[in-house]
Each structure stands twice: as C-alpha cells, then as structure tokens.
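Participant: This structure is in structure tokens; I'll ask about it shortly.
The values are calculated or read from the model by the stated rules, or taken from the named source; none is laboratory data. All of these numbers come straight from a predicted model, not from anything done at the bench. Here the Cβ is made from the backbone with ideal geometry for all residues, glycine too, and neighbour counts use every protein chain on show. The area values use the complete protein model at the heavy-atom level, side chains included, leaving out ligands, DNA and RNA. Shrake-Rupley method; radii C 1.70, N 1.55, O 1.52, S 1.80 Å.
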Amino acid sequence: MTQEELRPTGNPRAPEKLPLDFSAFHQTQRPRYVREAERCLRCRADAEEAVDEAFVQLAREWPQILRTANPAAYAWRVMKNRVVDHARARGRRATLMDTAVFETVTLQGAEDAFEVIEQNLRLFHAISALPERQQDVIRLRYCEGYSTADVADQLGITEAGVRSTERYAKRRLREIYTSCAEEEAERS
C-alpha cells in the first residue's frame, strides 16, 4: 500500500506524507491484521484487500482516532468490520472461529480422533456463545498462542483487562459445558 493510496482523497489540507505514528502503526499492525483477516476470509488476497481498506479508513480518520480513549481498540474494530463487510460483499460469511476448531495438535496421536473433533466442536459452539471481546481474547490466547501482552496490544486493552476478560470467559465456558453435559445426561 502506497502513501498515495492511504492519503485521504479530496482533502486539500491532507498532508503530503502520512504521520510517522500512523506509518509505524501500519507497519507493526498490518501483518497481524492480515493474519486475522485471512483466518476469517480464508483467502489471502481478500484478507489483504479488506485490511488495506481498513487502513485507508484509519488514515482518513487518524487525527480523530488519536483523540479516542483507545486508538488500538478502535483500529481493531475498524479492521473487523471491514472483514465482515468484505465477506458480505462477496456473498459469504466471515468465519471467526471455524478453522481454529480443527487446527489442533491434539488430533495428532489421538486414540479417538472423532471424540477429539466432537469435543472441539462443543468448544467452538461454547466460544461462539461468548461476548465478542471474550471470543477475541480466548481465540488470540489459545488458538493463536499470543501472550497476554500481545493480546493487550492487539485489542488495545491493558494486560489486566486481558486477564480479567480471560477469567470471565473461562468461567462462562465452564457454565456452558456444565449445562451441555447436564442436557446430554438427560437425553441418555
């Protein structure tokens, strides 16, 4: 993506060059955003296009974004919205967790692979029932293997916020699993 593509169009007061802080943000976050978008869109070219669209929007709004309470969280939201919009424009649905269910090391060497897949599907359904922030934290921490600091950086929240969100998500997942186990016991 070039400076010209990122500069706001039709604005005579637009800077000739992008602010250094935006350029640094673009350089550090774009690879992560592309990985996230590719996981959701399942196509590298579509992912790059969606992320580039997000960065064009961010470049246009950069001064206002910097005045928000949490610029990184705002940028994350813009990127996720662009991914969803991109999928819809192509008549598809962005998959936020689908591939993570089957991308598991536990299938290697598992005695009963179908049992592992069944458990992973239950986990997928439980995670998809969580609020969006909790889904993001669980997916980034456990499916992507990000550290608490990396998740905080990615989502634009504090490390304490990540730990708290993770704790609530785990508690809710236990509740969902307990409920599912009780329902299965009643059917048996």
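Participant: Just the residues that are part of a loop (DSSP other than H, G, I, E, B) and either of a type in the set (S, T, Y) or in contact with a helix residue (DSSP H, G or I) (Cβ under 6 Å, 6 or more places away or on another chain) (or both), please, taken from the range 47-92.
Facilitator: Residue satisfying the conditions is T68 alone.
Participant: Further question on the same structure: In the range 171-188, what residues are surrounded by fewer than 15 Cβ atoms within 10 Å (Cβ to Cβ) and not hydroxyl-bearing (S, T, Y)?
Facilitator: Residues satisfying the conditions are R171, R174, E175, C180, A181, E182, E183, E184, A185, E186, R187.
Participant: Is the range 32-45 home to any residue that is over 27 Å from T158 (Cβ atoms), in contact with a helix residue (DSSP H, G or I) (Cβ under 6 Å, 6 or more places away or on another chain) and in contact (Cβ under 8 Å) with a residue 12 or more places away in the chain?
Facilitator: Yes, the range 32-45 contains at least one residue that is over 27 Å from T158 (Cβ atoms), in contact with a helix residue (DSSP H, G or I) (Cβ under 6 Å, 6 or more places away or on another chain) and in contact (Cβ under 8 Å) with a residue 12 or more places away in the chain.
Participant: Can you say whether T95 is modelled with pLDDT under 90 and part of a helix (DSSP H, G or I), as far as the supplied structure shows?
Facilitator: no
Participant: Consider the range 19-70. How many of its residues are among the aromatic types (F, W, Y) and within 16 Å of the chain's Cα centre (by Cα)?
Facilitator: Number of matching residues: 2.
Participant: Next question. Taking the range 66-87 as the search range and keeping residues that are of a type in the set (G, A, S) and at pLDDT below 90, which one is surrounded by the fewest Cβ atoms within 10 Å (Cβ to Cβ)?
Facilitator: By that ranking, first place goes to A69.
Participant: V56 is checked against (1) loosely packed, with under 13 Cβ neighbours inside 10 Å; (2) at pLDDT 60 or above and fails just one. What number does that condition carry?
Facilitator: Looking at each condition in turn, V56 falls short on (1).
Participant: Across the range 1-35, which residue is modelled with the lowest pLDDT among those that are among the aliphatic types (A, V, I, L, M) and open to solvent by less than 40 Å² (accessible area, probe 1.4 Å)?
Facilitator: Among them, the one singled out is A14.
Participant: Within the range 145-168, is there a residue that is open to solvent by less than 60 Å² (accessible area, probe 1.4 Å), closer than 14 Å to L123 by Cα and assigned to a helix (DSSP H, G or I)?
Facilitator: Looking through the range 145-168, none of the residues is open to solvent by less than 60 Å² (accessible area, probe 1.4 Å), closer than 14 Å to L123 by Cα and assigned to a helix (DSSP H, G or I).
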